[in-house]
Amino acid sequence: MFAVIVNTVAVIIGSLIGMGLKKGIPEKVSRAILKGIGLCTIVIGIQGAIKEDNILLLIISIAVGIAIGEWINIDGNLDRFTKAIIRRISKRGTESANISQNMINAFLITSVGAMTIVGSLDAGLRHDFNMLYTKSLLDFITCIMLAAALGVGVLLSAILTFVVQAAIVLLAQYLAPYLSDGLILELTCVGSVMIIAIGLNMLGLTKLKVLNFLPAFIIVPFAMLILRQFGF
């Protein structure tokens, strides 16, 4: 669990440094940085998604996941919840209308991938923290850049980082038998599609509600099971 705390602290410190830098960056430069990070985000997403060798599984997971997300309206509900909290703790109101979006965006960019899942399993099963320590360094640097462009939402992503990784570490002995290499790969590919969507939003090319994509993660194992039954 110590490695999870280290990772969370790395996100917090990196975010605070980035937010400090943001105050001294002109808005024009900040917008340009955001576009640049958007391009890098798309590259990260493509690198993950290109590993997909079962495109049908990816399509089913994303399509059904989005349908569920839109039906539940995850994006709208979380956005209203976040704004209500910000209004209560800040007299100035919401600094950004997209704090909840940026929180999820930062979490997906830093934590979607095999490093998070495998690193947390290693920590829980073998007390091997090397992968999470490596991830902590990467997250520290990444969050400086993200927070300089996106602001406080990146800092709040530390909450998700801690909760998700701590849950995997604590439940490692129960999750390990089900988290095959194939499932981890498919989860990574689905997450990579979301990361591409985030990058497109950063560039201003789309206004995709990435939060509504999240149920796709839950659909992946069921879609894998069904497709295997039909020989796919």
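Values quoted throughout were computed directly from the atomic coordinates according to the rules given, and no laboratory measurement underlies them. Since the model is a prediction, treat every value here as computed from it, not as a measurement. Here the Cβ positions follow ideal geometry from the backbone for every residue, glycine too, while neighbour counts run over all protein chains shown.
A few remarks follow.
- Dipole axis of the chain (+1 Lys, Arg; -1 Asp, Glu on Cβ), positive-most option in Ile74, Gln47, Ala123: Ile74
- Put in order of Cβ neighbour count within 10 Å, fewest first, the listed residues Met19, Met194, Met202 become Met19, Met202, Met194.
- Under-20-angstrom lysine pairs by C-alpha in the chain, whenever the two are 8 or more apart or on separate chains: 8
- Charging the Cβ of each Asp and Glu at -1 and of each Lys and Arg at +1, and nothing else, the dipole of region 2-229 about its Cα centre rounds to 980 debye.
- Average Cα contact separation per residue, the chain, under 8 Å, 6 or more apart, as relative contact order %: 43 percent
- Additional length obtainable on full extension of the chain from Glu70 to Ile55, 0.36 nm per residue less Cα span: 3.2 nm
- Spatially, region 7-56 and region 171-232 are offset by 20 Å when compared through their Cα centroids.
- Span-like helix ranges in the chain, DSSP H, alpha carbon extent 24 angstrom or more, Kyte mean at least -1.0: 2-23, 27-49, 55-72, 130-150, 152-170, 181-202
- Highest-first arrangement of 74-81, 176-183, 225-232, where packing means the average Cβ count within 10 Å: 74-81, 176-183, 225-232
- Gyration tensor verdict on region 1-87 (Cα atoms; rounded if a/c is under 1.5, prolate if a/b is larger than b/c, oblate otherwise): prolate
- Listed residue (Thr161, Ile219, Thr142) projecting farthest to the positive dipole end of region 97-232, Cβ model: Ile219
- Straightening the chain between Arg228 and Thr134 buys 30.3 nm, computed as 0.36 nm per residue apart minus the Cα-Cα spacing.
- With the helix formula -39500 (n - 2.57) applied to DSSP H stretches of n ≥ 4, the chain reaches a computed 222 nm mean residue ellipticity of -26500 deg cm²/dmol.
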